[in-house]
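Here it is, the structure in full.
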Amino acid sequence: SPGAVPRGTPPKYGRLLSPDGLYAPIHQHFFNLRLDLDVDGPINQVYEVHTEAAPPGPENPLNAAFYAKSTLLAREQEAQQTIDPLIGRTWRVANPNVRNAMGEPVAYKLVPHGNVLPFADPEASISKRAGFISKHLWVTPYEPEELHAAGAYPNQHAGGAGLPAWTAANRPIADTDVVLWYTLGAHHVVRPEDWPVMPVTYAGFLLQPDGFFDHNPALDVPPPPGHADGHGAHCGMGS
């Protein structure tokens, strides 16, 4: 939504696109992705996983040891979380009833990529009608009628519908059929290079197997023809 400012007046809430005063406001885009996961079955658990440094001592004589700490998210309000790349935060969805070759529950993890939180005040209309943007992760027990993070009619309701209303009950989410809701924010400080046609911008996350397979499944491919015995033929020039 480009606009105009007087010539020679730098816009506080955007960037100039031309010396004639054309400007574009800074803005954000928010998406929410509903992930109805069944990791090797409908009974799953969700864990928050981050990395912590070990304190100096006999177990850490070089002061360079660190480890991954996993915490079960047992209820909906515990699972309302934001990303934290400084501690490597991910979320792991595991099936406690199915084990891999190491004896661990099979799992997939959600790995965040770049993300932001809203700058709109909590009392702003968008913050009330799209309450899901206040958190990056929400987890709910599966309910077939709970389909839209902002509720069924986000342009009509006064605020609070969708995820904030559903999770107010703080329902248990351990050992049940869970749904992850991931909020993805794209932060756009407009550049002159974005005008008049904006290049592509990437935003996303990663769903990654985490002990779901016993080894790298991409290596389970047949060898190329002529290499079945591990030896190949080669051509060269000789005398």
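May I ask you to say which residue of Gly131, Gly159 is open to solvent by less than 60 Å² (accessible area, probe 1.4 Å) and within 18 Å of Gln81 (Cα to Cα)?
Going through Gly131, Gly159 in turn, the sole match is Gly131.
Could you give every pair whose Cβ atoms fall below 9 Å, whose first residue belongs to region 108-130 and is in contact (Cβ under 8 Å) with a residue 60 or more places away in the chain and in a strand (DSSP E or B), and whose second residue is surrounded by 15 or more Cβ atoms within 10 Å (Cβ to Cβ) and of a type in the set (Ser, Thr, Tyr), counting only separations of at least 6 or pairs across chains?
Lys109/Tyr47; Lys109/Thr90; Leu110/Thr90; Leu110/Tyr182; Val111/Thr90; Pro112/Thr90; Pro112/Tyr182
Exactly one condition in (1) in contact with a strand residue (DSSP E or B) (Cβ under 7 Å, 6 or more places away or on another chain); (2) open to solvent by 70 Å² or more (accessible area, probe 1.4 Å) is false for Leu35; which is it?
Result: Leu35 passes all but (2).
Looking at Trp166 and the list (1) modelled with pLDDT of 95 or more; (2) open to solvent by less than 70 Å² (accessible area, probe 1.4 Å); (3) in a loop (DSSP other than H, G, I, E, B); (4) over 20 Å from Phe205 (Cα atoms), which single condition is not satisfied?
The single condition Trp166 does not satisfy is (3).
Continuing with this model, one more query. Collect the residues in region 80-101 that are open to solvent by less than 50 Å² (accessible area, probe 1.4 Å), part of a loop (DSSP other than H, G, I, E, B) and over 30 Å from Ile133 (Cβ atoms), keeping them in residue-number order.
Within region 80-101, just Asn100 meets the criteria.
While we're here: Within region 38-79, restricting attention to residues that are touching a helix residue (DSSP H, G or I) at 6+ places or on another chain (Cβ under 7 Å), in contact (Cβ under 8 Å) with a residue 40 or more places away in the chain and not in a loop (DSSP other than H, G, I, E, B), which residue is surrounded by the most Cβ atoms within 10 Å (Cβ to Cβ)?
Restricting attention to region 38-79, the residues satisfying the condition of being touching a helix residue (DSSP H, G or I) at 6+ places or on another chain (Cβ under 7 Å) are 46, 50-51, 73, 76-77.
Remaining after also requiring in contact (Cβ under 8 Å) with a residue 40 or more places away in the chain: 46, 50, 73, 76-77.
Checking the rest, the ones that are also not in a loop (DSSP other than H, G, I, E, B) come to 46, 50, 76-77.
On the way: Val46: 23, His50: 15, Glu76: 21, Gln77: 15.
Of everything passing the filter in region 38-79, Val46 is surrounded by the most Cβ atoms within 10 Å (Cβ to Cβ).
The values are calculated or read from the model by the stated rules, or taken from the named source; none is laboratory data. Just so it is clear, the model here is predicted, and its values are computed rather than measured. All Cβ positions, even for glycine, are placed from backbone atoms using ideal geometry, and neighbour counts span all protein chains on display. Just the protein is used for accessible areas: all its heavy atoms, side chains included, with ligands, DNA and RNA removed. Shrake-Rupley method; radii C 1.70, N 1.55, O 1.52, S 1.80 Å.
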